[in-house]
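Single-structure report; data block below.
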Amino acid sequence: MSKFDPYEHLKILNNEDGTITRLVQFPQKSATGDGELLHSQTVVSKDVTLDATKSTWIRIYRPAKIPSNDSKIARLPLVIYFHAGGWILFNVNDMMNHDAMNKLSEEIPAIAVSVNFRLAPETRLPGQYEDAMDALNWVKKQATDPNGEPWITQYADFSRVFLYGTSCGANIVLNTALRVLDQDLSPLTIGGIILNQPFFGGKKRTKSELKMAADMFFPLPVIDLLWELALPKGTDRDHRFCNPLGDEQVKKKMKRLGRCLVIGFGGDPLIDRQQDLVQLMVMQGVMVEARFDDVGFHGIEMIDPRRASAILNFVKEFII
């Protein structure tokens with residue numbers, strides 16, 4: 001493995017100023033906006049600035065036709081989503097992320113808020129956690145502001161707010177959920193958190209990491225590099241941002257978490273860490289639902305539509 005170049009695998013170049021050059025540009029899609037609807041549109045979307053000083057923003061999705069009960073518009077669960085990308089790649093307007101949120105909004109149905117958080121290494125942790133808190137506080141503000149964003153104020157059920165993340169996004173979700181335990185979010189109520197193939201690590205290798213060190217999609221040198229680019233300078237993979245299971249304070253706070261869904265696949269080098277997380281949650285009395293499949297790999301939903309649908313069904317069952 002000495003000849004393997006994780007930079008080449010990720011299609012990035014390391015720059016002297018601490019930034020990286022991303023060599024691949026992914027297809028992107030624009031939001032529909034909130035103008036006149038087309039007959040073919042089942043979901044509409046719009047972009048809203050979160051913090052101009054940080055260049056962070058969100059894309060909101062809602063069904064084009066909001067269901068109603070007894071002639072009253074039904075309020076829908078609100079899903080705040082954090083995308084994958086190993087801390088360093090992707091945006092919410094990338095086609096695959098946009099299409100995934102369209103499907104989620106339509107099929108659950110739900111109001112979805114997809115957060116375009118800052119990427120590493122230009123912004124290192126905990127910057128991404130701060131962006132997540134900005135998004136959550138923005139939603140809270142809309143809930144109490146009569147002049148707030150109408151798609152949120154008119155259609156969202158603030159008693160059913162879910163934090164959902166994939167890979168590094170799932171890491172953001174767990175850290176955010178732990179942070180808000182000590183904050184007053186009213187009128188928001190977190191109905192649960194969804195950790196899809198959560199990205200955690202540690203200095204000591206797990207059996208699955210060693211077994212799949214040369215994994216085709218997520219080899220160990222790539223995992224190590226991603227943490228090197230994302231963690232605060234001068235820290236290592238046993239930092240609580242990477243290895244929450246090694247932090248006693250994190251373990252104590254976990255007892256206070258509400259419902260949790262964890263999704264993982266047997267061909268993911270991170271599977272042992274994901275299962276260890278579930279085991280810890282169970283020991284701490286967390287209401288955790290684990291959906292592990294022996295077949296599959298990290299990020300399988302990006303190339304296998306059937307698995308993407310299966311994951312969405314797990315999420316839908318958990319939310320409804």
(request) Can you work out the accessible area per residue across the chain, with the rest of the protein chains kept in place, probe 1.4 Å, in square angstrom? (result) 46 Å²
(request) State, to one decimal in nm², a quarter of the convex hull surface area for the C-alpha atoms of segment 151-242, i.e. the direction-averaged projected area. (result) 8.1 nm²
(request) Please give the helix 127-144 orientation as an angle from the longest Cα principal axis of the chain, in degrees from 0 to 90, rounded to the nearest 10. (result) 10 degrees
(request) Please list, in chain and number order, the residues 5+ apart from Glu289 or on another chain whose amide H is under 5 Å from its amide H, with Hs placed from the backbone. (result) Cys260, Leu261, Val262
(request) Normalising by the residue count of segment 128-177, find the relative contact order in percent from Cα pairs under 8 Å and 6+ residues apart. (result) 39 percent
(request) Determine the relative contact order of segment 69-115: mean sequence separation of Cα pairs under 8 Å and six or more apart, normalised by residue count, in whole percent. (result) 52 percent
(request) Starting at the first residue of segment 150-155, write each ³J(HN,Hα) from the Karplus equation 6.51 cos²θ - 1.76 cosθ + 1.60 with θ = phi - 60°, in whole Hz, x for Gly and Pro. (result) x, 5, 7, 5, 8, 10
(request) Of all alpha-carbon pairs in segment 101-156, indicate the percentage at a distance above 19 angstrom. (result) 44 percent
(request) Using a 1.4 angstrom probe on heavy atoms only, work out the carbon and sulfur share of the accessible area of the chain in %. (result) 50 percent
(request) Can you tell me the equivalent ellipsoid semi-axes for segment 31-180? Use √(5λ) from the Cα gyration tensor, largest first, whole Å. (result) 25, 17, 14
(request) Towards the positive end of the charge dipole of segment 190-282, with charges on Cβ (+1 Lys, Arg; -1 Asp, Glu), say which of Met216, Leu257, Phe199 has the farthest Cα. (result) Leu257
(request) Compute the signed sum of charges (Lys and Arg +1, Asp and Glu -1) over the other residues within less than 14 Å, Cβ to Cβ, of Ala290. (result) -4
(request) Using only Cα atoms, tell me the angle between helix 95-107 and the longest principal axis of the chain; keep it within 0 to 90° and round to the nearest 10. (result) 50 degrees
(message) Can you tell me, using C-alpha contacts under 8 Å and at least 6 residues apart, the relative contact order of the chain as a whole percent?
(response) 15 percent
(request) Please express the Cα-Cα pair-distance distribution P(r) of segment 186-320 as a list of whole percents, one per 5 Å bin, running from 0 to the bin with the greatest distance. (result) 2, 9, 18, 21, 19, 17, 10, 3, 1, 0
(message) Give me a comma-separated list of calculated 3J(HN,Hα) values for segment 271-278, in order, Karplus coefficients 6.51, -1.76, 1.60 applied at θ = phi - 60°, integers in Hz, x for any Gly or Pro.
(response) 4, 5, 5, 5, 6, 5, 4, 4
(request) Could you tally the net charge around Leu23, taking each other residue with its Cβ under 10 Å from the Cβ of Leu23, Lys/Arg +1 and Asp/Glu -1? (result) +1
(request) Run the quick spin-label model on Val24 and Asp236: label points 7 Å from Cα toward the beta carbon, then report their separation in nm to one decimal. (result) 3.1 nm
(message) Taking θ = phi - 60°, what integer Hz values does the Karplus form 6.51 cos²θ - 1.76 cosθ + 1.60 yield along segment 234-246, in sequence order, with x for Gly and Pro?
(response) x, 10, 10, 6, 8, 4, 4, 5, 9, 10, x, 5, x
(message) About the Cα centre, and with charges only on the beta carbon of Lys, Arg (+1) and Asp, Glu (-1), how big is the dipole of the chain? Nearest 20 debye, please.
(response) 600 debye
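The values are calculated or read from the model by the stated rules, or taken from the named source; none is laboratory data. Please read all numbers here as calculations on a predicted model, not as lab measurements. Every residue, glycine among them, receives a Cβ derived from its backbone with ideal geometry; neighbour counts consider all protein chains shown. For the accessible areas, the whole protein counts, side chains as well, though only heavy atoms, and no ligand, DNA or RNA atoms are used. Shrake-Rupley method; radii C 1.70, N 1.55, O 1.52, S 1.80 Å.
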